[in-house]
Amino acid sequence: MENYKPTTDDGKTAGIISYFTLIGWLIAYFAMYANNKTPLAAYQLRQTLLFHLASIVVSWAAALIIGMAFVTSGVFIGMSIIWIVRLGFLIIWIIGLIGAVNGERKPMPLIGEPAQNMFSGI
């Protein structure tokens, strides 16, 4: 045990974990980032926080639209809306995750730049 040296992490692991649900974000922030604040981890955490919050809000809004669409025109239109929204978020998530895995500060489309400004305290 005398030769044990802790490995240094540039924040890449915290960034990757933050992409996997809001619970993953909380784990990355409190268990990994709090003790090892790196610019890369901060960048990814800001981005994924806005992504998770936006996906929750947009999902709720889409559910409301589906409810109204079901009442007026049937379930097909509502389900089409939800699948388009999910596909859009999936594409944004994949682009962000690829950047995190590569250790890049690559902004997610529509979310990356606003997140850096909104959550600059992270």
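Quick check for you: with a 1.4 Å probe and neighbouring chains kept, what is the accessible area per residue of the range 18-71, in Å²? The partial results should precede the final answer.
Numbers: 2840 Å² over 54 residues.
Computed with neighbouring chains in place, this is 53 Å² per residue.
How much length is gained if the chain between Asn102 and Val57 is pulled fully straight, taking 0.36 nm per residue apart and subtracting their Cα-Cα distance, in nm to one decimal? All intermediate terms of the calculation are to be shown ahead of the outcome.
Details: separation 45, 0.36 × 45 = 16.20 nm, distance 2.86 nm.
Extra length from Asn102 to Val57 when fully extended: 13.3 nm.
Mind listing which trypsin sites (Lys or Arg not before Pro) in the range 23-122 are in a DSSP loop and have 13 or fewer other Cβ atoms within 10 Å? Intermediate results must be reported in sequence, preceding the final value.
Working: sites: Lys37, Arg46, Arg86, Arg105; in loops: Lys37, Arg105.
Sparse-neighbourhood loop trypsin sites (Lys or Arg not before Pro): Lys37.
The values are calculated or read from the model by the stated rules, or taken from the named source; none is laboratory data. Owing to the predicted nature of the structure, the values given are computational and were not obtained by experimental measurement. When we count neighbours, we look across all protein chains shown, and the Cβ atoms used for this are built from the backbone with ideal geometry, even at glycine. All accessible areas refer to the heavy atoms of the entire protein, side chains included, with ligands and DNA or RNA removed. Shrake-Rupley method; radii C 1.70, N 1.55, O 1.52, S 1.80 Å.
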